[in-house]
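Novice: Pasting a structure here, questions to come.
Please treat every number below as a calculation from the coordinates, not as lab data. In this text the structure is predicted, and so the values were computed from the model without any measurement. All Cβ positions, glycine included, derive from the backbone under ideal geometry; neighbour counts span all protein chains shown.
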Amino acid sequence: MQKILFATSEVYPLIKTGGLADVTGSLPRALQKQGYDIKIILPAYASVLEKASASGIKKITQLDIDGNPVVIKQTRLPGTKVTVWLVDIPEFSERTGNPYCGPDGNDWIDNHKRFYIFSKATELIALNQANLDWQPDIVHCNDWQTGLVPALLSLHPNHPATVFTIHNLAYRGLFSHQAFAELNLPQAFWHHERLEFYGQMSFIKGGIAFADYVTTVSPSYAREIQKPEFGYGLDGLLRYRSDSLAGILNGIDNDEWNPGTDTHLTHTYNRRTLGNKRKNKQLLQEKMGLEVNSDKPLLGFIGRLVDQKGVDLILSQMNRLLTSNYQLVILGSGFPHYEQTLRNIAEQNPQKVAVHLGYDEALAHQIEAGSDIFLMPSIFEPCGLNQMYSLRYGTLPVVHAVGGLRDTVTEQPLNNIDDQANGFVFHQPDGDELYAAIERAAEAYHQPDIWKKLQINAMSRDYSWEQSAKQYANIYTELLS
Ligand code: ADP
Ligand code: GLC
């Protein structure tokens with residue numbers, strides 16, 4: 001049985017700030033089903049230790065990393081048979097709140113050191129130098145927090161093969177030269193073909209430059225990041241690596257996101273009982289204090305309130321949306337400026353716009369079920385999971401044609417739809433284009449037969465991990481042969 005060490009800085013349900021956790025919480029299970037022996041390695045944040053205590057935690061070994069004692073603990077991913085190894089240092093386990101930033105919203109000033117130690121622990125375990133008697137064949141790393149792992153492993157002959165998955169190139173893990181000097185890294189890494197990036201150190205560059213294979217989370221994003229517009233200065237390196245670069249579309253957790261069994265819903269439903277979806281709309285309108293009205297198209301948005309998600313495009317069309325017959329429900333947290341603007345709009349238009357600022361897993365499910373139309377006007381989107389959740393819930397997405405949104409949502413003229421049509425797509429990151437796509441969605445919404453056909457198309461497609469897990473397995477096989 002081949003062994004995989006899967007390194008990540010978040011995994012659902014133990015710790016989640018975004019889609020990365022959804023993926024790392026479900027892909028390892030899909031790989032386990034393909035017959036791999038997989039273990040996840042994760043920082044032991046305070047909140048993780050608290051949540052994991054229900055499944056039991058035990059200390060399994062202790063390491064010394066540059067004089068820092070590092071305890072490795074073992075638990076299980078709740079509800080699964082996947083083992084999780086937790087890297088416990090005070091810099092993780094003695095801080096509450098967000099994994100990457102403090103209560104003031106600023107990054108923890110020692111992030112370089114925290115994720116360096118995490119990467120060193122991963123390196124030692126990968127080399128079977130941690131007294132765990134377990135040697136992985138593959139080390140699969142995710143995003144900048146684990147970018148040093150392939151770099152560190154490259155220093156050892158006969159190291160396990162490394163795969164690095166880019167979930168979002170916008171977060172490059174940039175630190176100063178001073179920070180580089182504080183870490184025990186070889187001086188040779190300070191080079192523009194290695195970690196150095198225009199006078200700074202980039203952790204993600206370690207993953208991209210040194211991993212045996214680089215993947216990202218949709219075929220379109222794999223192409224986009226090789227161009228300057230989406231490459232964040234790393235497009236040249238990515239073009240250089242293009243023979244070992246693949247885009248594999250994320251799957252979704254079909255058990256967690258299933259409108260037929262969703263425990264967050266009072267009225268579950270499926271393709272054949274779509275009438276129950278309307279009851280979810282009514283409950284959502286009541287819960288959020290909106291006018292209870294079944295005719296007005298209810299637009300949903302869930303996400304981090306950051307530039308990436310196209311919040312500006314929605315705000316630019318707010319007046320038109322308010323004067324037309326739409327309702328809007330928004331769940332998110334992020335930039336204070338967006339939060340304040342949205343709060344004001346909701347206060348002034350309580351019947352039409354409801355905004356919940358903060359993180360709320362149950363409400364996310366209820367919005368997916370209760371909305372008619374889901375807005376995802378992202379400026380860029382490596383994959384995006386919410387549009388797939390909304391497709392599965394028969395809530396038709398309006399998306400900007402980028403990354404994974406382009407790869408999952410298809411629009412066809414309403415007088416000529418076949419089984420592929422499942423949403424509404426605009427092609428320029430422009431507010432007017434967004435509004436026109438919303439209007440096309442509303443036009444379809446008011447034609448019940450067409451709407452139902454689109455909903456059934458959306459709900460019939462397979463978004464599960466099976467196909468994608470096989471693609472990862474093919475890469476592992478190629479690397480090991
Ligand atoms: P990203 O990872 O860029 O944030 P994705 O679409 O891949 O975007 O994944 C976002 C995930 O985070 C989804 O599971 C979504 O439901 C969840 N999410 C984002 N914001 C919130 C929130 N405020 N409350 C609950 N869930 C949220
Ligand atoms: C990132 C991306 C998102 C993707 C997620 C999981 O957070 O922004 O598009 O779905 O990672 O891969």
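Novice: In whole Hz, with x marking every Gly and Pro, tabulate ³J(HN,Hα) for the stretch 56-66 from phi via Karplus 6.51 cos²θ - 1.76 cosθ + 1.60, θ = phi - 60°.
Specialist: Those phi angles translate into x, 10, 9, 6, 10, 6, 9, 10, 10, 10, 6 Hz.
Novice: Rank the residues ASP253, ASP137, ASP462 as a footprinting-exposure proxy: fewest other Cβ atoms within 10 Å of their Cβ go first. Let's see the in-between values first.
Specialist: On the way: ASP253 20, ASP137 16, ASP462 10.
With the fewest neighbours first, ASP253, ASP137, ASP462 line up as ASP462, ASP137, ASP253.
Novice: Ok, one more. What is the calculated FRET efficiency for ASN106 to GLN135, with r their C-beta to C-beta distance and R₀ = 56 Å, to the nearest 0.05?
Specialist: Numbers: r = 39 Å, r/R0 = 0.70.
Plugging the Cβ-Cβ distance into 1/(1 + (r/R0)^6) gives 0.90.
Novice: Sticking with this one: So which aspartates and glutamates pass the test for LYS51, namely a Cα distance under 15 Å, with those fewer than 8 places away in the same chain ruled out?
Specialist: Hits, sequence-local ones excluded: GLU10, ASP88, GLU94.
Novice: Could you give log10 I(q)/I(0) at q = 0.06, 0.07, 0.09, 0.13 Å⁻¹ for the chain, computed by the Debye formula over C-alpha point scatterers of equal weight, without solvent?
Specialist: Taken in order of the listed q values, log10 I(q)/I(0) reads -0.27, -0.37, -0.61, -1.23.
Novice: Next question. Using 0.36 nm per residue, how much length does the chain from ILE60 to SER464 gain when fully extended, once their Cα-Cα distance is taken away? Spell out each step's value before the answer.
Specialist: Working: separation 404, 0.36 × 404 = 145.44 nm, distance 3.37 nm.
Length difference between fully extended and current span is 142.1 nm.
Novice: If Lys and Arg each add +1 and Asp and Glu each add -1, what is the summed charge of the other residues whose beta carbon sits under 13 Å from the beta carbon of GLY105?
Specialist: Neighbourhood net charge equals -2.
Novice: Taking every pair of alpha-carbon atoms in the stretch 271-460, what share in percent sits in each 5 Å bin, from 0 to the bin with the longest distance?
Specialist: 1, 8, 18, 23, 23, 16, 8, 2, 0
Novice: Which FRET efficiency value, to the nearest 0.05, do you get for LEU274 and GLN348 by plugging their Cβ-Cβ distance into 1/(1 + (r/R0)^6) with R0 = 30 Å?
Specialist: On the way: r = 34 Å, r/R0 = 1.12.
Calculated value: 0.35.
Novice: In which sequence would GLU339, GLU10 go, from the one with the fewest C-beta neighbours within 10 Å to the one with the most?
Specialist: The order, fewest Cβ neighbours first, is GLU339, GLU10.
Novice: Ok, one more. Within 10 Å of each residue's Cβ, count the other Cβ atoms and sort MET388, MET459 from fewest upward. Each step should come with its number before you reach the end.
Specialist: On the way: MET388 24, MET459 20.
Final ranking by Cβ density, sparse to dense: MET459, MET388.
Novice: Any idea what % of Cα-Cα pairs in the stretch 239-362 are farther than 26 Å?
Specialist: Values: 2692 of 7626 pairs.
So the portion of pairs separated by more than 26 Å is 35 percent.
Novice: Between ASN416 and SER324, what's the calculated FRET efficiency when r is the beta-carbon distance and R0 is 30 Å? Round to 0.05.
Specialist: Details: r = 26 Å, r/R0 = 0.87.
Efficiency, from the Cβ-Cβ distance: 0.70.
Novice: Given the pairs LYS279/LYS352; LYS3/LYS113; LYS296/LYS452, which are separated by over 24 angstrom at their Cα positions?
Specialist: Working: LYS279/LYS352 18 Å; LYS3/LYS113 28 Å; LYS296/LYS452 16 Å.
As for pairs spanning more than 24 Å Cα to Cα, those are LYS3/LYS113.
Novice: Here's something else I'd like to know. Please provide three numbers in whole Å: the alpha-carbon extents of the stretch 403-481 along the principal axes, with the largest listed first.
Specialist: Sorted largest first, the three principal extents are 54, 30, 17 Å.
Novice: Once amide H atoms are placed 1.01 Å from N in the peptide plane, what residues at a sequence separation of 5 or more from ILE248, or on another chain, have their amide H within under 5 Å of its amide H?
Specialist: Result for ILE248 returns THR216, VAL217, SER218.
Novice: Also, quick follow-up: Given labels modelled 7 Å from the Cα in the Cβ direction, how far is it in nm from ASN98 to SER47?
Specialist: Spacing of the two 7 Å Cα→Cβ label points: 1.1 nm.
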